[in-house]
Structures are given as structure tokens and as C-alpha cells.
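These notes are about the structure you will find just below.
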Amino acid sequence: MSRIARNKGALQKEREQLRLYERVLPSLDLKRRQLIGALAQARNRLDEGAAELERRISESARQTPMLANTGVDLDGMLRIEAVELGEENLLGARLPVLERIECRIADYSRLAKPHWVDVALRQAREIVERRIAAQVEEERVKRLSFAVKRITQRVNLFEKMLIPTARDNIRRIRIFLADAERAAVVQSKISKARHRRRMPQEEEVA
């Protein structure tokens with residue numbers, strides 16, 4: 001443990017720091033709990049989105065089973081034209097927000113393709129959009145997890161190090177000052193006793 005000054009000025013400084021730490025800690029802990037709640041919500045949305053994506057994929061497989069048994073080439077018929085992301089500042093954590101997805105189905109001749117191609121492409125577009133949304137939600141969970149970890153470290157710093165250290169420093173300084181005060185009192189009594197013992201001798205000489 002590092003050495004600290006042991007005087008009244010240092011004691012006042014440690015008391016002021018302790019008051020500051022104890023004032024800051026509740027707001028940090030509140031922010032931590034709020035971020036934990038936001039993280040739980042984001043994870044729920046991610047799980048729900050993953051379940052819905054799986055449902056859409058299964059539904060597409062049931063409705064267009066011919067995709068697996070045909071030579072119809074759909075490559076290049078669905079293109080992602082644009083993905084626009086915004087940003088949300090949630091309790092200091094900067095989170096991506098999906099604002100727009102633009103997918104384009106290429107023009108094609110209805111006479112040259114089977115009738116089910118329309119349905120298959122619409123379903124493919126929905127699946128692609130949900131996968132992009134899931135990727136954005138995964139990034140939100142990742143950033144919120146980091147924010148929770150960081151704020152938890154700060155709360156632990158205050159709870160387990162700064163506040164206990166300040167309290168211990170105050171205790172040590174107070175003990176030192178009390179010991180010094182007692183020592184001064186004892187020294188004063190000794191000096192007075194010595195002075196009284198010398199006084200009769202001085203009177204005799206006079």
C-alpha cells in the first residue's frame with residue numbers, strides 16, 4: 001500500500017474523495033442495471049428474430065420444394081441494392097439501427113420461368129432481409145455486452161478499491177493523529193512534571 005500524508009489536510013482530502021465516490025457509485029450502478037436490462041431485451045429480440053428466420057426458411061422449403069429438384073437457375077435474380085444504418089446512443093453505448101433495406105428482384109420473363117419462381121423470390125427476399133436484421137441485432141448485443149462489461153468494471157473499481165481504500169486511509173490517518181495527540185499530551189505532562197521538580201531548586205538558589 002502506498003504511503004499517504006498523515007495530517008489534517010490529508011484527512012480532509014480523503015474525506016472529500018470518499019464523499020465523491022459514494023455520490024458517484026449509485027448513478028454508476030443504476031446505469032449498469034439499465035444496460036443489463038437493455039442487453040437482456042436485445043438478446044430476446046435476437047432469439048425471436050432467429051426463431052422467425054428459421055420459421056420462414058422452413059415455410060419456404062414447404063411451399064417451394066421444387067427448388068431442390070429443378071435445374072431452374074435463380075442466381076443473380078435477387079440483389080441487395082442498399083442497406084442503411086443509423087445509430088442510437090443508449091446510455092453512452094452507440095448502437096446500430098437498421099433503417100432501410102432495399103432488395104431488387106431482376107426482371108425476367110414469366111413465360112421462361114416456372115410459375116413458382118415469383119413465390120420463391122419473394123420468400124428469398126424476406127429471408128435475406130431477416131438475416132440482415134439479425135446481423136444488426138447481433139452487433140447491438142455485442143456492443144451492449146461490451147458496455148455492460150465496462151460499466152461493471154467501473155462499479156467494481158469504486159466498490160472494491162476506491163471506496164475501501166479511502167475509508168482505510170481515513171482510518172489510518174485518524175489513528176495516527178490520535179496517537180500523535182496522545183503523545184503530545186503525554187510529552188506536555190512530562191515537561192510540566194520536570195518543570196515542577198526544578199522549581200524548588202531554583203527557589204533555594206535564589
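In the condition set (1) closer than 30 Å to R23 by Cα; (2) modelled with pLDDT of 90 or more; (3) surrounded by fewer than 16 Cβ atoms within 10 Å (Cβ to Cβ); (4) more than 19 Å from the chain's Cα centre (by Cα), Q135 is compliant with all but (1). Just to verify a result, which residue in segment 92-106, among those that are out of contact with any helix residue (DSSP H, G or I) (no Cβ under 9 Å at 6 or more places or on another chain) and either of a type in the set (V, I, T) or modelled with pLDDT of 90 or more (or both), is farthest from V141 (Cα to Cα)? Among those residues, the one meeting the criterion is R100. From the list L30, L39, L20, L25, the lone residue that is on the phi < 0 side of the Ramachandran plot, touching an Asp or Glu at 6+ places or on another chain (Cβ under 8 Å) and modelled with pLDDT of 95 or more is L25.
Taking the stated definitions as given, is E204 at pLDDT 95 or above, over 29 Å from R15 (Cβ atoms) and part of a helix (DSSP H, G or I)? Break it down into steps so the answer makes sense when it comes.
Details: at pLDDT 95 or above: no; over 29 Å from R15 (Cβ atoms): yes; part of a helix (DSSP H, G or I): yes.
Criteria not met by E204.
Can you find a residue that is within 30 Å of Y21 (Cβ to Cβ), at pLDDT 80 or above and either acidic (D, E) or part of a helix (DSSP H, G or I) (or both) anywhere in segment 108-128? Looking for residues that are within 30 Å of Y21 (Cβ to Cβ), at pLDDT 80 or above and either acidic (D, E) or part of a helix (DSSP H, G or I) (or both), one finds none in segment 108-128, hence no. Close Cβ contacts (under 6 Å, 6 or more residues apart or on different chains) running from residues in segment 30-58 that are more than 15 Å from S145 (Cα to Cα) to residues that are assigned to a helix (DSSP H, G or I) and basic (K, R) comprise L53/R130. Of all the listed residues (G49, G86), the sole one being modelled with pLDDT of 85 or more, in contact with a Lys or Arg (Cβ under 7 Å, 6 or more places away or on another chain) and either on the phi < 0 side of the Ramachandran plot or outside any loop (DSSP other than H, G, I, E, B) (or both) is G49.
The values are calculated or read from the model by the stated rules, or taken from the named source; none is laboratory data. Bear in mind the structure is a predicted one, so any value in this text is a computation, not a measurement. Quick reminder, even Gly has a Cβ in these numbers, built from the backbone with ideal geometry, and neighbours come from all protein chains shown.
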